[in-house]
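Everything below concerns the one structure shown next.
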Amino acid sequence: FVLDVLTRNTAYLSVAGSLLNVEFPVSAEVQETVSAELYLIQNGHSLAYSPIFGYMEDYSQYIPRGHYTRNETLERYFRGMMWYGRMAFLLKGGSDGLIAEEDARLATIQASLIAAELPGVKAGQNAASEIWNRIYSVTSFFVGVADDLTPYEYLAALEKVFGTEFAASELADEDKMLKLKAELAGMRNPEIYGGSGVCVIYPPVTRERLYECLSRTKGLRFMGQRFVPDSYMFQNLVSPAVGMYTGNSQPFTMKMTPLGPARTFPRGLDIMAVMGSDRAYEILKREGDTEYRGEKTSYDGQLAQLKKTFAGFSPQDWQRNLYWAWLYALKPLLEKHGEGYPTFMQTDAWQDKELSTSLASWTELRHDTILYAKQSYTPRLSMAPPPPRPLTGYIEPVPEFYARMLSLTRMTRDGLSRLGVLNQQEDGRLRSLEDILSRAQGIAAKELENKELAQDEYDFIRDFGEKLESIVSGVEAEGKETTLVAEVHTDTNLPEEVLEEAVGYVNVALVAYKVPDGRIIIGAGPALSYYEFKQPINSRLTNEQWKQMLKSGQAPSLPKWTGSFYQP
């Protein structure tokens with residue numbers, strides 16, 4: 001649907017069994033990217049960078065679960081709605097964001113186009129906005145409102161900056177886009193970190209680090225997952241919000257991280273403790289799950305704040321949707337019963353039974369809302385990385401080779417000039433190649449002497465490929481290809497054969513080299529591949545036939561002796 005909105009393609013609908021197949025053309029420019037995204041959704045099952053959105057996504061979330069494993073229709077619905085609920089057009093980019101600044105600008109334009117087009121696009125007989133409202137209203141009644149910005153909030157910001165009617169071309173206006181981003185930045189932040197991107201927490205471990213992480217995930221989610229109170233409790237009762245472990249045991253909630261022992265897991269008992277269960281807190285304390293403290297924070301401090309917040313809600317607040325009302329219905333089971341109740345209900349054993357019942361019921365609630373409730377994540381904890389040292393380029397240090405190639409190039413230019421067959425453009429290209437070879441010779445000599453290169457020499461190495469490209473610019477494609485073949489010898493003894501020598505695909509060579517400051521760096525560069533094989537005399541190969549052999553996997557093996565440096 002989103003692709004249809006953006007590309008205005010016509011959808012062709014046909015019913016196949018109980019499934020509705022929607023087919024529409026996808027432009028060749030995005031086909032590969034879309035296919036890669038769909039593959040991860042179907043088969044990812046782990047963290048990976050989204051080919052479309054460019055940040056890290058947890059593709060294990062797309063494994064159909066809960067009530068959605070019963071048939072293919074429900075599985076497809078699960079994956080589609082999960083994608084609409086999780087994937088975000090992020091607002092913030094650059095060093096403080098999860099994506100590059102330019103990617104964030106494009107994402108904001110894309111989100112704006114979706115929000116602006118939603119009321120006007122037809123999906124069948126209805127406006128797309130009507131269908132969106134219907135889905136959102138029904139799911140909100142069950143689970144609650146989105147934890148992230150919705151299309152309507154983007155639409156409100158667009159109307160404030162651009163007016164009620166504007167042309168899409170106005171989104172190219174940098175001043176107005178800055179105002180739009182400022183307007184959106186002033187809107188609410190998500191309160192639950194749902195795992196978008198790689199949100200890393202560096203020391204010091206404080207609650208503020210969590211808020212910084214949440215702000216990076218701000219943006220439009222088309223049908224965002226919903227804020228649920230238990231995920232909010234979990235988010236505020238794991239590190240960095242509660243600090244680090246200060247005890248001496250191995251509690252369930254603790255995991256060793258690069259920053260030390262942290263509360264990376266919450267417990268269901270946390271929710272019951274927030275909702276007023278003293279017995280739940282006693283168990284947590286006894287088992288070591290409360291011994292966390294940090295800079296201006298602690299588990300007990302966070303728990304006290306959450307208990308105060310939720311105790312302040314009125315019965316009407318708890319009836320805001322079915323999810324909250326379900327939790328509210330469990331609260332009486334968590335109370336300690338005194339005189340007037342049967343004796344068995346006044347025992348610790350009965351309190352534990354009621355606690356177990358409440359947790360089982362809550363588990364059923366999460367099972368039933370697994371697709372819509374926003375799941376909390378513990379951000380990644382890491383030591384502050386050292387400032388990055390500059391990467392240094394390297395060329396193969398064989399100065400004599402560059403010197404002889406330079407001599408060959410000069411000989412070519414001088415000889416063709418004397419023969420009067422060299423035009424001005426070709427003369428310029430050969431002179432440019434002479435300059436490149438001369439510089440390469442000097443750099444190679446310095447590398448052998450372990451001398452530090454100047455910045456302009458590192459710049460030369462970095463731009464080496466572009467410089468060569470400019471020299472061969474305009475040369476027909478066939479002239480640049482390395483995949484070629486030539487027979488070099490004929491044997492007339494039966495069976496009559498020829499010896500073929502061929503160059504295949506360019507490989508990547510990895511070498512470890514030492515730079516003057518003592519670092520050992522792994523460098524990568526191109527390396528030609530070489531083949532030698534026999535061919536029947538009546539089957540002398542052309543370049544085109546050789547390329548087809550490579551493409552179809554019919555090429556002979558590389559010479560055995562290349563195994564000392566080449567690993568297929």
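The values are calculated or read from the model by the stated rules, or taken from the named source; none is laboratory data. Quick caveat, the model's predicted, so the values are computed rather than measured. We place every Cβ from the backbone using ideal geometry, glycine too, and count neighbours over all the protein chains shown. Heads up: the accessible areas ignore ligands, DNA and RNA and are worked out on the full protein's heavy atoms, side chains in. Shrake-Rupley method; radii C 1.70, N 1.55, O 1.52, S 1.80 Å.
General remarks:
- The range 292-302, residues that are open to solvent by 10 Å² or more (accessible area, probe 1.4 Å), under 10 Å from Gly243 (Cβ atoms) and either at pLDDT 95 or above or of a type in the set (Val, Ile, Thr) (or both): Arg293, Thr297, Ser298, Gly301, Gln302
- The one condition in (1) loosely packed, with under 11 Cβ neighbours inside 10 Å; (2) touching a residue at least 60 places away in the same chain (Cβ under 8 Å) that Gln567 fails to fulfil: (2)
- Residue count, the range 68-113 (criterion: in contact (Cβ under 8 Å) with a residue 24 or more places away in the chain and of a type in the set (Gly, Ala, Ser)): 7
- Whenever a residue of the range 279-291 is touching a residue at least 40 places away in the same chain (Cβ under 8 Å), its partners that are hydroxyl-bearing (Ser, Thr, Tyr), lying with C-beta atoms within less than 7 angstrom and at least six residues away or across chains, give the pairs Gly288/Ser249; Glu291/Tyr245; Glu291/Thr246.
- Picking from residues in the range 97-142 that are more than 24 Å from Tyr59 (Cα to Cα) and of a type in the set (D, E, K, R), the one that is modelled with the lowest pLDDT is Lys122.
- Looking at the range 60-142, the helices (runs of 4 or more DSSP H) lying wholly inside it that each contain 2 or more residues that are open to solvent by 40 Å² or more (accessible area, probe 1.4 Å) and under 17 Å from Lys374 (Cβ atoms) sit at 72-86, 128-142.
- Within the range 450-471, considering residues that are of a type in the set (Asp, Glu) and open to solvent by 50 Å² or more (accessible area, probe 1.4 Å), the one modelled with the lowest pLDDT: Glu469
- Number of positions in the range 292-313 that are more than 28 Å from His367 (Cβ to Cβ), without any contact (Cβ under 8 Å) to a residue 24 or more places away in the chain and assigned to a loop (DSSP other than H, G, I, E, B): 1
- Any hit, the range 264-277, residues being among the acidic types (Asp, Glu) and without any contact (Cβ under 8 Å) to a residue 24 or more places away in the chain: no
- Of the residues in the range 12-33, at least one is part of a helix (DSSP H, G or I), under 14 Å from the mean Cα position of the chain (by Cα), modelled with pLDDT of 85 or more and surrounded by fewer than 14 Cβ atoms within 10 Å (Cβ to Cβ).
- Residue match in the range 363-377 (condition: touching a Leu at 6+ places or on another chain (Cβ under 8 Å), closer than 30 Å to Ile135 by Cα and either β-branched (Val, Ile, Thr) or crowded, with 18+ Cβ neighbours inside 10 Å (or both)): yes
- For the range 143-190, the candidate set comprises residues that are of a type in the set (Phe, Trp, Tyr) and farther than 28 Å from Leu365 by Cβ; within that set, the residue that is modelled with the lowest pLDDT is Phe166.
- Scanning the range 316-353 for residues that are part of a helix (DSSP H, G or I), over 30 Å from Phe141 (Cβ atoms) and free of Cβ contacts under 8 Å to residues at least 60 places away in the same chain turns up Thr343, Phe344, Met345, Gln346, Ala349, Trp350, Lys353.
- Selection status of Val228, over 27 Å from Met81 (Cα atoms), crowded, with 21+ Cβ neighbours inside 10 Å, among the β-branched types (Val, Ile, Thr) and in contact (Cβ under 8 Å) with a residue 12 or more places away in the chain: no
- Check on Ala280, over 32 Å from the mean Cα position of the chain (by Cα), open to solvent by less than 10 Å² (accessible area, probe 1.4 Å) and either closer than 14 Å to Thr246 by Cα or not acidic (Asp, Glu) (or both): yes
- Only one of the listed residues (Arg431, Arg439, Arg413) is open to solvent by 60 Å² or more (accessible area, probe 1.4 Å) and touching an Asp or Glu at 6+ places or on another chain (Cβ under 8 Å). That residue is Arg439.
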